[in-house]
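Written out below as structure tokens is the structure these notes cover.
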Amino acid sequence: MSDLEFRPRYRFGTNLPVEEIKSRISGRINMDNPDELVLGGSGHHLVLGFSEVQQHVWTPRLDIDISEVEEGSIVRCLIGPAPNVWMLFMAGYLVITLIGLTGITLGMAQQMLGITVWGYLLAAPMPLFGVGLWLLAQGGKRRTRPEMRMLKAFVDRAMEGVERYPV
């Protein structure tokens, strides 16, 4: 799990069929769950997260996708914030980019027309806003690092004793 990513991911292969992996994870939720994690999802996609009482803005969740292959299964895990938080950041980056491009375009047009150039002033602070948004995301990730490790450790405990291979 890379510490540089906003949404760390890891994956592994195993000889177990999909249903066995799902039953190991759901069995661990029902029998050995001191952190009171909850499991959702359907089909070959599971979502492991914290109960509503434990959640805050930055609370991470673990999306587990299980693919069936000839040798068994491939398990792909993605740890990240709830989709609404993730989309808020993407929307922020989009708005910053659009305002910056609009400012540059407007400034160039004003410059070519020989009128007072104020469009560039729209674009000037946008890189700072972008860096600020990125720093905010890094701060949130740093605050939730223990919870992220807790989610990964839960899956590791559920897959204890299972032969895994890198994919």
Boolean, TYR93 is closer than 25 Å to ARG61 by Cα, surrounded by 13 or more Cβ atoms within 10 Å (Cβ to Cβ) and either over 33 Å from the mean Cα position of the chain (by Cα) or at pLDDT 95 or above (or both): yes
Matching residues, segment 36-57, being modelled with pLDDT of 90 or more and touching a Leu at 6+ places or on another chain (Cβ under 8 Å): LEU37, VAL38, LEU39, GLY40, LEU46, VAL47, LEU48, GLY49, PHE50
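Does any residue of segment 16-26 turn out to be modelled with pLDDT under 90, assigned by TED's automatic domain parsing to the domain that holds VAL155 and surrounded by 12 or more Cβ atoms within 10 Å (Cβ to Cβ)?
Within segment 16-26, not a single residue is modelled with pLDDT under 90, assigned by TED's automatic domain parsing to the domain that holds VAL155 and surrounded by 12 or more Cβ atoms within 10 Å (Cβ to Cβ).
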Failed condition for GLU36, given (1) surrounded by fewer than 14 Cβ atoms within 10 Å (Cβ to Cβ); (2) in contact (Cβ under 8 Å) with a residue 24 or more places away in the chain; (3) touching a strand residue (DSSP E or B) at 6+ places or on another chain (Cβ under 9 Å); (4) over 21 Å from LEU16 (Cβ atoms): (2)
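Please determine, by comparing only the residues of segment 96-110 that are free of Cβ contacts under 8 Å to residues at least 12 places away in the same chain and surrounded by 13 or more Cβ atoms within 10 Å (Cβ to Cβ), which one is farthest from LEU128 (Cα to Cα). Can you show your working first?
Applying the first criterion (free of Cβ contacts under 8 Å to residues at least 12 places away in the same chain) to segment 96-110 yields 98, 108-110.
Retained after the next criterion (residues that are surrounded by 13 or more Cβ atoms within 10 Å (Cβ to Cβ)): 108, 110.
Working: MET108: 21, GLN110: 24 Å.
Filtering segment 96-110 for residues that are free of Cβ contacts under 8 Å to residues at least 12 places away in the same chain and surrounded by 13 or more Cβ atoms within 10 Å (Cβ to Cβ), the one farthest from LEU128 (Cα to Cα) comes out as GLN110.
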Qualifying position, being farther than 16 Å from LYS141 by Cβ and either crowded, with 16+ Cβ neighbours inside 10 Å or not hydroxyl-bearing (Ser, Thr, Tyr) (or both), among ILE79, ILE64: ILE64
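The values are calculated or read from the model by the stated rules, or taken from the named source; none is laboratory data. Quick caveat: nothing in here was measured; it's all calculated off a predicted structure. Using ideal geometry, Cβ is built from the backbone for each residue, glycine included, and neighbour counts are taken over all protein chains shown.
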